[in-house]
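The values are calculated or read from the model by the stated rules, or taken from the named source; none is laboratory data. All values derive from a computational prediction rather than experimental measurement. A quick note on method: Cβ atoms are made from the backbone with ideal geometry, for glycine too, and the neighbour counts reach across all protein chains shown.
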Amino acid sequence: MSPLRLLTLPGDGIGPEITEATVRILHAAAPLLSRELSISRAEIGFPALKAEGTTIPEAVTAAAQKADGVILGPVSHNAYPPVAEGGLNPSGVLRKALELYANIRPARSYDGLPPPTGQAFDLIVARENLEGFYADRNMAQGGGEFMPEPGVALAMRKITEAGSRRIAEAAFKVAQGRTKKHVTAIHKANVMRMSDGLFLDVARDVARGFPDVDYDELLVDAAAAHLVRHPQKFDVLLCTNMFGDILSDLASELSGGLGLAGSLNLGAVHAVAQAQHGSAPDIAGQDRANPTSLILSSAMLLRHLGETRAATAIEAAVTRAIAAEKTRTSDLGGALGTQAYTDILCCYLEESKP
């Protein structure tokens, strides 16, 4: 059997630290895999810009296309030079090159970290990944922002039937494997009647093909309020790009913070695990970063690739560590740094070996 080939792209800021921690966890979980693990590395972000004049060289994209899965660290794209000078957003480039149309973002409460509402919850945001207001900035390709005259800025929102159908089907398939089996489509069709109207028309059509999954709809502003008040009522939130980006951050904060937020970008062929948070350059190199987001994202990637046993063990190790203050990182009220926290997780994984 061919090895499981994973490509790591550490990125900027705390990216190299949390990627190193994630690689350690993957090696610790390797005995639970069904095949040999092979992990390679390539540079993106500022290291790549300095070495090759671009934040994501074409060779990196080609390597990502050949790998079984990619582990993408955070990048500092807001600090990059203009695109013409090589300052591309690596995340955006990979999403388009690999056709990663779905961004799956779980959020749940943990023992030891009581949710603000006092109610335990477990939900998933299924976010469309290629359209909406975040579409390609080239106007010829149907998206982005432009200024027709000084002092006037316009934004184009691209919603297609095909794109809406892909993310809707992904959301319903996720819901089928869960206990509640419930999808809530998030929209603002009372204002954006054409774009969100199209999105809802497609969602309703897809819902008819999943009679075992309950379906309803909710305005995005109401969804934000309901998430804060009673997140336990949600199961899978089906969202367009921007709404999914915002609501998933809100849900993650309710679970304990973005440091716990796993994220998996999916396409028909490729998959990229990605930390949901930013590169946090202010704490880079200080052994203070919480690597859980990227670790859980990598567990999601393993599960997607059929390695359920290893994924479950990693998730269980994280849950166990978070449950006690003495085994948490400082952002969660503990005293552990990146390395010591990773050591704890590796010990827990060692105990789970057959």
(request) Name the one entry in 32, 37, 49 that is more than 23 Å from residue 77 (Cα to Cα), over 23 Å from the mean Cα position of the chain (by Cα) and hydrophobic (A, V, I, L, M, F, W, C). (result) 32
(message) Condition check: touching an Asp or Glu at 6+ places or on another chain (Cβ under 7 Å) and surrounded by fewer than 17 Cβ atoms within 10 Å (Cβ to Cβ). Does residue 180 satisfy that?
(response) yes
(request) Would you please name the residue that is farthest from the chain's Cα centre (by Cα), looking only at residues in segment 88-133 that are part of a loop (DSSP other than H, G, I, E, B) and charged (D, E, K, R)? (result) 111
(message) Name the single residue that is farthest from residue 210 (Cα to Cα) among those in segment 141-172 being free of Cβ contacts under 8 Å to residues at least 12 places away in the same chain and part of a helix (DSSP H, G or I).
(response) 141
(message) Filter segment 143-167 down to the residues that are touching a Lys or Arg at 6+ places or on another chain (Cβ under 9 Å) and surrounded by 17 or more Cβ atoms within 10 Å (Cβ to Cβ) and list them by number.
(response) 143, 144, 167
(request) Would you point out the residue of segment 182-207, among those that are of a type in the set (Gly, Ala, Ser) and not in a loop (DSSP other than H, G, I, E, B), that is farthest from residue 159 (Cα to Cα)? (result) 207
(message) Quick check on my filter: what residues within segment 14-25 are farther than 20 Å from residue 80 by Cβ and out of contact with any helix residue (DSSP H, G or I) (no Cβ under 6 Å at 6 or more places or on another chain)?
(response) 20, 23
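The rows are residues; the columns are (1) out of contact with any strand residue (DSSP E or B) (no Cβ under 6 Å at 6 or more places or on another chain); (2) at pLDDT 95 or above; (3) assigned by TED's automatic domain parsing to the domain that holds residue 126.
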| residue | (1), (2), (3) |
| --- | --- |
| 236 | no, yes, yes |
| 244 | no, yes, yes |
| 274 | no, yes, no |
| 301 | no, yes, no |
| 304 | no, yes, no |
| 313 | yes, yes, no |
| 322 | no, yes, no |
(request) Please go through segment 54-78 and pick out each residue that is at pLDDT 95 or above and in a helix (DSSP H, G or I). (result) 58, 59, 60, 61, 62, 63, 64, 65, 66
(message) Restricting to segment 329-348, name every residue that is farther than 11 Å from residue 288 by Cβ and touching a residue at least 60 places away in the same chain (Cβ under 8 Å).
(response) 332, 342, 345, 346
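Determine if segment 95-113 includes at least one residue that is without any contact (Cβ under 8 Å) to a residue 24 or more places away in the chain and surrounded by fewer than 18 Cβ atoms within 10 Å (Cβ to Cβ).
no
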(message) So residue 279 ticks every box in (1) of a type in the set (S, T, N, Q); (2) out of contact with any strand residue (DSSP E or B) (no Cβ under 7 Å at 6 or more places or on another chain); (3) under 24 Å from residue 170 (Cβ atoms) but one. Which box is left unticked?
(response) (3)
